[in-house]
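A short write-up of the structure that comes next.
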Amino acid sequence: QLQLVESGGGLVQPGGSLRLSCAASGFTLGEYVIGWFRQAPGKEREMVSCISASGTDYADSVKGRFSFSRDNAKNTAYLQMNSLKPEDTGLYYCAVSRGANYCSGTVWAYDSWGQGTQVTVSS
């Protein structure tokens with residue numbers, strides 16, 4: 001059974017850092033396009049970063065602050081978030097697209113999702 005489990009969220013002050021993890025089971029994470037999304041209250045879910053065989057994409061709002069990586073041996077993806085801002089607050093999800101070859105920013109392109117981990121940036 002395919003499963004994604006996020007962890008690493010929490011409460012952090014502005015300027016702080018967090019590292020989110022996305023552990024996969026039931027499939028090999030490195031074979032597919034992986035996305036990190038976030039959703040703030042009252043807002044649509046948006047892509048933060050995505051990784052594919054072609055490389056890594058980032059939303060303009062997080063470029064230079066966030067870094068996406070994956071450890072194929074652990075079947076886990078990571079999102080390192082530095083210089084966090086209050087506007088980074090939201091529920092963060094990892095997702096997998098088993099049908100895509102390239103990164104996509106659209107939610108419907110991803111067929112498997114984790115349960116999400118809450119990130120709150122506040123003083």
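The values are calculated or read from the model by the stated rules, or taken from the named source; none is laboratory data. Fair warning: this is a prediction, and the values are worked out from it, not measured in the lab. Cβ atoms come from the backbone with ideal geometry, glycine included; neighbour counts cover every protein chain shown. Keep in mind that these areas ignore ligands, DNA and RNA; they rest on the heavy atoms of the full protein, side chains included. Shrake-Rupley method; radii C 1.70, N 1.55, O 1.52, S 1.80 Å.
How about segment 85-109: which of its residues are touching a Cys at 6+ places or on another chain (Cβ under 8 Å) and either open to solvent by 20 Å² or more (accessible area, probe 1.4 Å) or not hydrophobic (A, V, I, L, M, F, W, C) (or both)?
The answer is C103, S104, G105.
Out of R38, R45, R70, R65, which single residue is modelled with pLDDT under 95 and either of a type in the set (D, E, K, R) or open to solvent by less than 10 Å² (accessible area, probe 1.4 Å) (or both)?
R70
Residue by residue through segment 14-30, note down the ones that are more than 22 Å from D60 (Cα to Cα) and either without any contact (Cβ under 8 Å) to a residue 40 or more places away in the chain or assigned to a loop (DSSP other than H, G, I, E, B) (or both).
If the condition is that a residue be more than 22 Å from D60 (Cα to Cα) and either without any contact (Cβ under 8 Å) to a residue 40 or more places away in the chain or assigned to a loop (DSSP other than H, G, I, E, B) (or both), then G26, F27, T28 are the ones that fit.
I'm trying to understand the selection: among the residues of segment 48-62, which are modelled with pLDDT of 95 or more and assigned to a loop (DSSP other than H, G, I, E, B)?
A59, D60, S61, V62
Which numbered condition in (1) more than 18 Å from V107 (Cα to Cα); (2) touching a Cys at 6+ places or on another chain (Cβ under 7 Å); (3) among the hydroxyl-bearing types (S, T, Y) is the only one that S69 fails?
In the conditions (1) more than 18 Å from V107 (Cα to Cα); (2) touching a Cys at 6+ places or on another chain (Cβ under 7 Å); (3) among the hydroxyl-bearing types (S, T, Y), S69 misses (2) alone.
Kindly provide the set of residues from segment 83-109 that are assigned to a loop (DSSP other than H, G, I, E, B) and modelled with pLDDT under 95, ordered by number. Lay out the reasoning, then the answer.
Taking segment 83-109 first, the residues assigned to a loop (DSSP other than H, G, I, E, B) are 83-85, 89, 98-106.
Within segment 83-109, R98, G99, A100, N101, Y102, C103, S104, G105, T106 meet the criteria.
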